[in-house]
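Note sheet for the following structure.
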Amino acid sequence: MVDLKGQYQKIKQEVDARVQGVIESAAFINGPEVKRFEAELAQYLNVKHVIPCANGTDALQVALMALGLKPGDEVITTTFTFIATAEVIALLGLKPVLVDCDEDTFLISTEAIENAITDKTKAIIPVHLFGQCSNMEEILSIAKKHQLFMVEDSAQSIGASFHFKDGTSMQSGTMGDFGCTSFFPSKNLGCYGDGGAIFTQDDELAEKARVIVNHGMKVRYYHDEIGVNSRLDSIQAAILSVKLQYLDLYNNNRRAAALHYDEAFRGVEQLSIPKRSIHSSHVFHQYTLKVDGIDRNELQQYMMQNNVPAMIYYPVPLHQQKAYRDERYKDGDFPIAEKLSNSVISLPMHSELNKLQLNHIAETLLKFINNKR
Ligand SMILES: *Cc1c(COP(=O)(O)O)cnc(C)c1O
């Protein structure tokens, strides 16, 4: 699905030199490379504060902790996402309130958010799934109207920007009280291990998050609150600092690959090409098709047998996951997410795809469809 080796070969000299520099300096934790990457990413995103941490899941958890939410508080998020989004809500003793998504963009339904709000609702976590921003203009206005916090899950959308009606744009992760991202190797900006970051425009929230990621400690060995140990190590920061220079190029390559797929599949009755939101740019963390009239699982098997990876993101919506089964929800409650989980398929998507590969992938998929006719 990704080609991390091919990508590394092109930046090997730069990466190796920076990693070697960290090893020689022995500043492995909170070293100058971490400070440098923090500043570079803040500038790239045009956000006031970047707080690096150990992974994207921690980023979400620390953001919710910094907001001071209390057990029983309700947090609304989409049922069609990676588990981490709801996991941290549950871990903190908060109540995940799941809602359905939009059939065309796969993004959280703003109408469903409004319908799910109760007097216990404290926060909304829109997930900018597959690489484009949720409808932030509407979600921000809902959050404002009901005085709710908003934490953006930008793990899949770093570099995407949201376009407001007044003509201004903002980067994914910089519009909510907090934005959270992941630097997992296969993410659009991936390191060579685990990593994550929290973004905020708010000085006070930034300070809180900084204290929480460091054991609740402002002055060494004085712990003002219960925190966690969540750090981005200096080697990963050095790698990310190199790769950040190429993020726009990587995202452009992904967009070009997506257009190539679009051309190959346009007009094919059994396939719906991914719909672009009119409010957001798309950084194609995933290129996800919807299939109709063919057996999705059989298609995936066929692709795999022909050495073309194809993945299902996600085969089971959160409300149907064993660990998250809840008497509040039953099968059929979120018909769109349930339908999508049976009809989506994602093709290889990364910064290094060439025309030969794209053609081969598309031809393999089309061969399956033609054989069925
Ligand atoms: C990857 C991902 C996360 C978690 O990031 P990790 O770094 O793997 O902990 C959270 N939310 C979404 C939507 C993701 O895709």
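Can you work out which of the residues in the stretch 97-133 that are touching a Ser or Thr at 6+ places or on another chain (Cβ under 6 Å) and among the acidic types (Asp, Glu) is least open to solvent (accessible area, probe 1.4 Å)?
Taking the candidates together, the pick is Asp100.
Just checking, does the stretch 318-332 include any residue being assigned to a loop (DSSP other than H, G, I, E, B), at pLDDT 95 or above, among the hydrophobic types (A, V, I, L, M, F, W, C) and within 26 Å of Thr81 (Cβ to Cβ)?
No, that holds for no residue.
Which condition breaks for Ser277 when tested against (1) within 20 Å of the chain's Cα centre (by Cα); (2) open to solvent by less than 80 Å² (accessible area, probe 1.4 Å); (3) farther than 27 Å from Pro185 by Cα?
(3)
Out of all the residues in the stretch 19-39, which are over 11 Å from Phe199 (Cα atoms), surrounded by 17 or more Cβ atoms within 10 Å (Cβ to Cβ) and modelled with pLDDT of 95 or more?
Val19, Val22, Glu33, Val34, Phe37
Restricting to the stretch 207-238, count the residues that are within 29 Å of Glu14 (Cβ to Cβ) and β-branched (Val, Ile, Thr).
Total satisfying the criteria: 2.
Mind checking which helices (runs of 4 or more DSSP H) fall wholly inside the stretch 1-117 and carry at least 3 residues that are free of Cβ contacts under 8 Å to residues at least 24 places away in the same chain?
Output list reads 4-25, 32-45, 110-116.
Quick check on my filter: what residues within the stretch 189-209 are outside any loop (DSSP other than H, G, I, E, B) and surrounded by 19 or more Cβ atoms within 10 Å (Cβ to Cβ)?
Residues satisfying the conditions are Gly196, Ala197, Ile198, Phe199, Thr200, Leu205, Ala206, Lys208, Ala209.
Could you tell me whether the stretch 255-268 includes any residue that is closer than 30 Å to Ile89 by Cβ and buried (at least 19 other Cβ atoms within 10 Å of the Cβ)?
Within the stretch 255-268, none of the residues are closer than 30 Å to Ile89 by Cβ and buried (at least 19 other Cβ atoms within 10 Å of the Cβ).
One line per residue, one yes/no per condition, for (1) within 16 Å of the ligand (Cβ to nearest atom); (2) polar (S, T, N, Q); (3) in contact with a helix residue (DSSP H, G or I) (Cβ under 7 Å, 6 or more places away or on another chain):
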position: Phe183; (1), (2), (3): yes, no, yes
position: Asp194; (1), (2), (3): yes, no, no
position: Ile198; (1), (2), (3): yes, no, yes
position: Glu207; (1), (2), (3): no, no, no
position: Tyr221; (1), (2), (3): no, no, no
position: Tyr250; (1), (2), (3): no, no, no
position: Ala258; (1), (2), (3): no, no, no
position: Ser272; (1), (2), (3): no, yes, no
position: Arg276; (1), (2), (3): no, no, no
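Return the total of residues in the stretch 54-83 being surrounded by fewer than 20 Cβ atoms within 10 Å (Cβ to Cβ) and among the small types (Gly, Ala, Ser).
Of the residues in the stretch 54-83, 2 are surrounded by fewer than 20 Cβ atoms within 10 Å (Cβ to Cβ) and among the small types (Gly, Ala, Ser).
So Ala337 clears everything in (1) closer than 27 Å to Val97 by Cα; (2) open to solvent by 50 Å² or more (accessible area, probe 1.4 Å); (3) among the aliphatic types (A, V, I, L, M) except one condition, right? Which one?
(2)
Would a scan of the stretch 326-333 turn up a residue that is open to solvent by 30 Å² or more (accessible area, probe 1.4 Å) and either touching a strand residue (DSSP E or B) at 6+ places or on another chain (Cβ under 7 Å) or of a type in the set (Phe, Trp, Tyr) (or both)? I'd like the intermediate steps shown before the answer.
From the stretch 326-333, those open to solvent by 30 Å² or more (accessible area, probe 1.4 Å) are 326-333; that's our starting set.
Of the ones still in play, those that are also either touching a strand residue (DSSP E or B) at 6+ places or on another chain (Cβ under 7 Å) or of a type in the set (Phe, Trp, Tyr) (or both) are 329.
The answer is yes, given that some residue of the stretch 326-333 is open to solvent by 30 Å² or more (accessible area, probe 1.4 Å) and either touching a strand residue (DSSP E or B) at 6+ places or on another chain (Cβ under 7 Å) or of a type in the set (Phe, Trp, Tyr) (or both).
Quick one: count up the residues across the stretch 289-317 that are part of a loop (DSSP other than H, G, I, E, B), within 15 Å of Thr364 (Cβ to Cβ) and open to solvent by 60 Å² or more (accessible area, probe 1.4 Å). Break it down stepwise before answering.
From the stretch 289-317, those part of a loop (DSSP other than H, G, I, E, B) are 292-295, 306-310, 312-317; that's our starting set.
Now narrow it down to the ones that are within 15 Å of Thr364 (Cβ to Cβ): 294, 306-310.
Going one step further and asking which of them are open to solvent by 60 Å² or more (accessible area, probe 1.4 Å), we end up with 306-307.
Selection size over the stretch 289-317: 2.
If you go through the stretch 134-175, how many residues are under 25 Å from Gln245 (Cα atoms) and either touching a Leu at 6+ places or on another chain (Cβ under 8 Å) or within 16 Å of the ligand (Cβ to nearest atom) (or both)?
14
Look at Gln147 and say whether it is outside any strand (DSSP E or B), open to solvent by 10 Å² or more (accessible area, probe 1.4 Å), in contact with a Phe, Trp or Tyr (Cβ under 8 Å, 6 or more places away or on another chain) and not aliphatic (A, V, I, L, M).
no
The values are calculated or read from the model by the stated rules, or taken from the named source; none is laboratory data. Computed from a predicted structure; not experimentally measured. Every residue, glycine among them, receives a Cβ derived from its backbone with ideal geometry; neighbour counts consider all protein chains shown. SASA here: full protein model, heavy atoms, side chains in, ligands and nucleic acids out. Shrake-Rupley method; radii C 1.70, N 1.55, O 1.52, S 1.80 Å.
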